[in-house]
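Take a look at the structure below.
The values are calculated or read from the model by the stated rules, or taken from the named source; none is laboratory data. As the structure is a computational prediction, the values presented were derived from the model and not from experiment. Heads up, the Cβs are rebuilt from the backbone with ideal geometry, glycines too, and the neighbour counts pull from every protein chain shown.
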């Protein structure tokens, strides 16, 4: 048993425990319903306030963008009208100038035509008078010219005869000179042939005698003697250069060649030509040794001594015709640049050939540097003009591009603003729809999916209907 007190009459009642629990449950359900209703109403109120605030903000933004679009449209309409007015004024002005200039030019042309007509008439009159009064003089002059023509014809005939005689005499002299020259060339050729035969005989003797003479350093001595007899004594070097030829005695880096040739410009101390020589006599080496076995060492010695060219003077492989001339090693061995193989008889020739080539190249280089120095101001001026032209052209191009870009950006901005206005309009429509949906919100819709809350609401709705009926 439980006791409860009536709040109106203050009377105490005794009730069963089940009835007591039922009353407590009724009180709880009633309180819960009120709380739910209150929270739903507050939420609806807050949502409405927030939506109203957003709607006001969007509407203000839409109005601002519409005003901005109207300003931009008004601005460009004014600019377009101004441009059209200016174009019309300019067109009228140009038409007036053209009409005025046309009338002026027509008047001047008419005046000039009249003046020319007067001049032509005057000239015709003068010519007629001259022709009339000078016919006799012309006849006299014609007779004189006929006499002069006859005289000149006789003179030309005499001159022709003299020229023919002179021509025949010159032809005879030329033939004689050609014959003499031809004879001299024949004699020169015979002399050169004789010298060549002597050189061939000398080389043959050199090779025949090498079996007895070339031992130890005899090949080196032969080349050294050839250099002093054929180059040092007979060549007159440029006083501006210094030429050195001698044995390579520096083995500080573990290797050395046989001879080094160098030519240097005294004024600049710049190297014109440098050659590293290696001498190989078949008497001092095995007959089975090959010339190419020495390429690597020769290249190493050349690089150590910083020489531009490397030359192997060799008696090895005497029966190999490949080495009878001046052989460029880089053709068969690309890794060995500017390396040559020669027989002793070509020792002097290869030096003279390389020296001439190097000296010509050096002089050409000096002339080019002098020309370059002389024309440096002219080139600088030309470059400055070209740079200015390029810079000016680029600036004009950039200005044009920026103008086009600005117009495109303005068009794009107008398009974006129009799209924003449309988006704000759509947003306003969506907000209106959301408010309408909020107005249709009910307790049953909120409790949908929650069985307990749905049953409670249905129960309360049923009790309210019963109370209404009662």
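The set of residues in segment 290-305 being outside any helix (DSSP H, G or I) and either farther than 23 Å from residue 321 by Cα or touching a strand residue (DSSP E or B) at 6+ places or on another chain (Cβ under 7 Å) (or both) consists of 305 alone. Within segment 257-295, the residues that satisfy the criterion of being surrounded by fewer than 19 Cβ atoms within 10 Å (Cβ to Cβ) and more than 22 Å from residue 354 (Cα to Cα) are 282, 283, 284, 285, 286, 287, 288, 289, 290, 293. Give the residues of segment 59-82 that are modelled with pLDDT under 70 and either surrounded by 11 or more Cβ atoms within 10 Å (Cβ to Cβ) or touching a helix residue (DSSP H, G or I) at 6+ places or on another chain (Cβ under 6 Å) (or both), sorted by residue number. Across segment 59-82, the qualifying residues are 73, 76.
Kindly evaluate residue 298 against the criterion of being surrounded by 13 or more Cβ atoms within 10 Å (Cβ to Cβ) and either touching a residue at least 40 places away in the same chain (Cβ under 8 Å) or at positive phi (or both).
On the way: surrounded by 13 or more Cβ atoms within 10 Å (Cβ to Cβ): yes; either touching a residue at least 40 places away in the same chain (Cβ under 8 Å) or at positive phi (or both): yes.
Criteria met by residue 298.
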